[in-house]
Amino acid sequence: MEKIKKYCVHCHQPLVCLRNPQQRYCEKKKCQNARKNLWRKHKKANDKDYQANQRRSNKTWHQCHPGYWRQYRQSNPIYTQQNREKQKIRDKKRSDLNASHLAKSDASPTIKSLRSLIKPGFYHIVPVTQPNLAKSDALIVEIAVITSSSTQLGLQ
């Protein structure tokens, strides 16, 4: 049987393919794990049945181990702190992707937060053109206060 010599996709070490000429990973555990993880990632992205099975399996596991993650975080404070720092970076990247100059209908603040930001009164609203606006049906406006409250004009 002829040996085909290649290089492992993961560790780049010489790979001797004895049986399968399509082989791309060597027999090392870390390389096999990389191959399996890539397969799982592809499967999760493209196979709806696999996704559903994974969700169901995760849900069952969480029901059988209700306090696992809380206990894990308590017993691994260094990991927990590092993860929180990394999460802040991930959140920052995500907020940078949702640029503030883009108008999104689902990005408006809640009514409760609007009440704390916008005080009762009379306002002058002027449309502002924005050439890089993401949505054609969105409108950006400039709000200028005319009076601080409606009671000054005798209206209620």
Matching entry among Ile89, Ile118 (being assigned by TED's automatic domain parsing to the domain that holds Ile146 and at pLDDT 65 or above): Ile118
Test: residue in region 7-14 that is without any contact (Cβ under 8 Å) to a residue 24 or more places away in the chain, loosely packed, with under 11 Cβ neighbours inside 10 Å and in a loop (DSSP other than H, G, I, E, B): yes
Residue pairs meeting the criteria (Cβ under 9 Å; at least 6 apart or on separate chains; first assigned to a helix (DSSP H, G or I), in region 32-52; second of a type in the set (Ser, Thr, Tyr)): Gln32/Tyr25; Ala34/Tyr25; Arg35/Tyr25; Arg40/Tyr50; Lys43/Tyr50; Lys44/Tyr50
Inter-residue pairs, beta-carbon under 7 Å, first surrounded by 10 or more Cβ atoms within 10 Å (Cβ to Cβ) and in region 73-93, second of a type outside the set (Ser, Thr, Tyr), 6+ apart: Thr80/Arg73
Any hit, region 54-67, residues being surrounded by 11 or more Cβ atoms within 10 Å (Cβ to Cβ), assigned to a helix (DSSP H, G or I), at pLDDT 75 or above and not assigned by TED's automatic domain parsing to the domain that holds Ala144: yes
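The values are calculated or read from the model by the stated rules, or taken from the named source; none is laboratory data. What you see is a predicted model, and the numbers here were worked out from it, not measured in a lab. Cβ: placed from backbone, ideal geometry, glycine included. Neighbour counts: every protein chain shown.
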